[in-house]
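Participant: Please read through the structure below; I'll follow up with questions.
The values are calculated or read from the model by the stated rules, or taken from the named source; none is laboratory data. Worth saying up front: this structure is predicted, and the values here are computed from it rather than measured. All Cβ positions, glycine included, derive from the backbone under ideal geometry; neighbour counts span all protein chains shown. Note: areas computed on protein heavy atoms with side chains; ligands, DNA, RNA excluded. Shrake-Rupley method; radii C 1.70, N 1.55, O 1.52, S 1.80 Å.
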Amino acid sequence: MNCKKVIQELTSYLDGVLDSDMRADLELHLARCTDCRVVVDTTRKTIQIFCNSEPVPLPEDVRQRLHTALMDRFRRNAKTI
Amino acid sequence: MSATDPKPLASAIVRDDEARLVSAAKAGDAAAFEELVNRYERKIFRLGMNITQNREDAEDVMQEAFLKSYTHLDRFQGDSRFYTWLVRIAVNEALMKLRKRRPNQFSLDEPLSDGEDPVFREIEDWGPSPEQKFAQTELNEILNSVIAELDPIFRVAFLLRDVEGISTEETAQILGISEAAVKSRLLRARLKLRQKLNKYFRRSETQ
């Protein structure tokens, strides 16, 4: 496997959906190629950093406005039934 | 169920429970719909914020997504999860916001290559815990700024797959594209984000 193929298969590899033969080939390449190893490692970290980032909080006033709008819609819906 | 029976997977419980709530809401049970809202409002608001990068737009996206899903609940046939259907409505609303507010910057077409290979331009290790180099608020600013720089077409694929944890198959349904196209956009998104984060996290920058 060459460097270009490693990049083509990177998403499947990181998602754990690469078939076992292909994964073995790719890991054999990684064992020899520092550049690809760094790209794979830092791309994995990129995903982890976003996954671990603080969730965006839902402000209470925004939530209240949503539920007020919904209650209004429920009431209108009940009248038309 | 006996003590030796295997427990159902949590995702299966959520899915069954969700179908029950949707069914009750379709029959006119407002409390059941309210329960669905309580379950997903935070996720939908976060998705709206991440796509539009604007609180006002995110609020509109969330409100429209829930009001439209309630109004058109009879159209939901149950061939996907309710959450997937809801996310599809929210993504469409968010993309409309981007089109309206930033018509010159927005395109759903695949952007032409900028001639730069995002892969092998900058290769440098980051060290074991790059995120610990920054305080939480500073890190949030960095993440927001790099994701905002990404083309919407790639940003949405990354947010759905990697931040919201939605499967490739469901992401393809939501975006109305093939699974191969989802994988291609996801690859570009991940590589571009990696490249953009490189300047903050590379080992030589932080030692």
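Participant: For the protein assembly as shown, list the cysteines whose Cβ sits under 4.7 Å from no other cysteine Cβ?
Facilitator: Singleton cysteines: A:C3, A:C51.
Participant: Could you compute the FRET efficiency for A:D21 and A:D72, with r as their C-beta to C-beta distance and R0 at 51 Å, rounded to 0.05? Show your work: numbers first, answer last.
Facilitator: Numbers: r = 58 Å, r/R0 = 1.15.
The computed FRET efficiency comes out at 0.30.
Participant: In region B:8-102, carbon and sulfur make up what percent of the accessible area (probe 1.4 Å)? Before the final figure, lay out the partial values.
Facilitator: Values: 2200 of 4510 Å².
After summing per-atom areas, the C and S share lands at 49 percent.
Participant: Restricting things to Cα coordinates, could you compute the convex hull volume per residue of the protein assembly as shown in Å³? Intermediate results must be reported in sequence, preceding the final value.
Facilitator: Details: hull volume 51.7 nm³, N = 288.
Spelled out: Cα convex hull of the protein assembly as shown, divided by residues, is 179 Å³.
Participant: Quick one: among A:D35, A:D21, A:D61, which has the greatest mean-square fluctuation in a GNM of chain A with alpha-carbon springs under 10 angstrom?
Facilitator: Among A:D35, A:D21, A:D61, the largest mean-square fluctuation in the Gaussian network model of chain A belongs to A:D61.
Participant: Further, regarding this structure: Can you pick out the pairs among B:K100/B:K192; B:K43/B:K196; A:K5/A:K45 whose Cα atoms lie more than 23 Å from each other?
Facilitator: Working: B:K100/B:K192 25 Å; B:K43/B:K196 25 Å; A:K5/A:K45 20 Å.
Check vs 23 Å cut-off fails for B:K100/B:K192; B:K43/B:K196.
Participant: With the crude spin-label approximation of a point 7 Å out along Cα→Cβ, what separation in nm comes out for B:K68 versus B:M96?
Facilitator: Using points 7 Å along Cα→Cβ, the separation is 0.5 nm.
Participant: How shielded is A:33-40 by partner chains, expressed as the average number of their Cβ atoms within 10 Å of its Cβ atoms? All intermediate terms of the calculation are to be shown ahead of the outcome.
Facilitator: Numbers: counts 0, 2, 4, 3, 2, 6, 7, 1.
Per residue, the number of nearby Cβ atoms from other chains is 3 on average.
Participant: In addition: Interface B/A, total buried accessible area with a 1.4 Å probe, nearest 100 Å²?
Facilitator: Details: alone 12450 and 6810 Å², together 15280 Å².
In total, chains B and A hide about 4000 Å² from solvent.
Participant: Compute the separation of the alpha-carbon centres of region A:1-35 and region B:154-207 and state it in Å as a whole number.
Facilitator: Value for the Cα centre distance between the two parts: 18 Å.
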